[in-house]
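Q: Pasting a structure here, questions to come.
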Amino acid sequence: MIFRNCAGGVVFYANQVFLLKNEKSEWVLPKGKIRNDDTSIDAALSRVKIETGISAEILLTAGDTCYEFFSISRKQPVCNQITWYIMKATNKNFEIDAKLGFKGGGFYPIDEALDMITYSQDQSLVSLSYKKYKEIMKEKKENKEKLAV
């Protein structure tokens, strides 16, 4: 079995999360393999930018997931361990990289996105990340208001 360390982003803009439709028509989150001397943070930000065109900032770690699949090209099983980050997009602009096999994507309201997401562990990840995201944004707003007084 091949083990790969990966990183990705749960990217929010206002009350929406970004999803990609991959070549298998599965709704997934942007992610990719950690390469060379990259940190998981570098890889997560880079994959989000490459796959979606989104500039984002990391707010917090979201946790880890792991999934296995059989690679036809490698003729053996692969295990991807993914470190996830909660991210905030700087704006709502995006440009999906079709050359990577993506068929679509965009920002979707949380309730709609949870119904669209293909894998249950990704649904749980988005749900928990959204709760953390809302707390972070609330704290930022309260801190701004305190500074303004």
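The values are calculated or read from the model by the stated rules, or taken from the named source; none is laboratory data. None of the values given here were measured: they were computed from a predicted structure. Cβ sites come from the backbone with ideal geometry, for glycine too, and all protein chains shown count toward neighbours.
Q: If you scan the stretch 67-120, which residues turn out to be under 17 Å from Ile50 (Cβ atoms) and of a type in the set (A, V, I, L, M, F, W, C)?
A: Listed by number, the residues that qualify are Ile82, Trp84, Met87, Ala89, Phe94, Ile96, Ala98, Leu100, Phe102.
Q: For Asn36, only one of the following conditions fails: (1) in a strand (DSSP E or B); (2) surrounded by fewer than 18 Cβ atoms within 10 Å (Cβ to Cβ). What is its number?
A: If we test Asn36 against (1) in a strand (DSSP E or B); (2) surrounded by fewer than 18 Cβ atoms within 10 Å (Cβ to Cβ), just (1) comes out false.
Q: With touching a Lys or Arg at 6+ places or on another chain (Cβ under 6 Å) and either over 24 Å from Ile136 (Cβ atoms) or modelled with pLDDT of 95 or more (or both) as the only criterion, which of Asn36, Asn80, Asn93, Asn22 stands out?
A: Checking each option against the conditions leaves just Asn80.
Okay, residues lined up against (1) crowded, with 17+ Cβ neighbours inside 10 Å; (2) part of a strand (DSSP E or B); (3) more than 10 Å from the chain's Cα centre (by Cα):
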| position | (1), (2), (3) |
| --- | --- |
| Ile41 | no, no, yes |
| Ile54 | yes, no, yes |
| Cys66 | no, yes, yes |
| Gln81 | no, yes, yes |
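Q: For Ile34, work out the one condition from (1) over 18 Å from Cys79 (Cα atoms); (2) more than 11 Å from the chain's Cα centre (by Cα) it doesn't fulfil.
A: So the condition that Ile34 fails would be (1).
Q: Quick check: anything in the stretch 101-110 of a type outside the set (Gly, Ala, Ser), more than 15 Å from Val17 (Cα to Cα) and surrounded by 15 or more Cβ atoms within 10 Å (Cβ to Cβ)?
A: Looking through the stretch 101-110, at least one residue is of a type outside the set (Gly, Ala, Ser), more than 15 Å from Val17 (Cα to Cα) and surrounded by 15 or more Cβ atoms within 10 Å (Cβ to Cβ).
Q: Which one is nearest to Glu23 (Cα to Cα) among residues in the stretch 117-136 that are crowded, with 17+ Cβ neighbours inside 10 Å and hydrophobic (A, V, I, L, M, F, W, C)?
A: Ile117
Q: Now for a separate question. Of these, Ile72, Ile50, which one is modelled with pLDDT of 95 or more, at negative phi and not small (Gly, Ala, Ser)?
A: Ile50
Q: Could you check the stretch 113-149 and list, in sequence order, the residues that are of a type outside the set (Ser, Thr, Tyr) and within 19 Å of Ala7 (Cα to Cα)? Outline the logic, then answer.
A: At the first step, the residues of the stretch 113-149 found to be of a type outside the set (Ser, Thr, Tyr) are 113-117, 121-123, 125-126, 128, 131-132, 134-149.
Selection gives Ile117, Gln121, Asp122, Gln123, Leu125, Val126, Leu128, Lys132.
Q: Now, a different point. Using the structure shown, decide if Phe12 is within 24 Å of Ser127 (Cβ to Cβ) and surrounded by fewer than 13 Cβ atoms within 10 Å (Cβ to Cβ).
A: no
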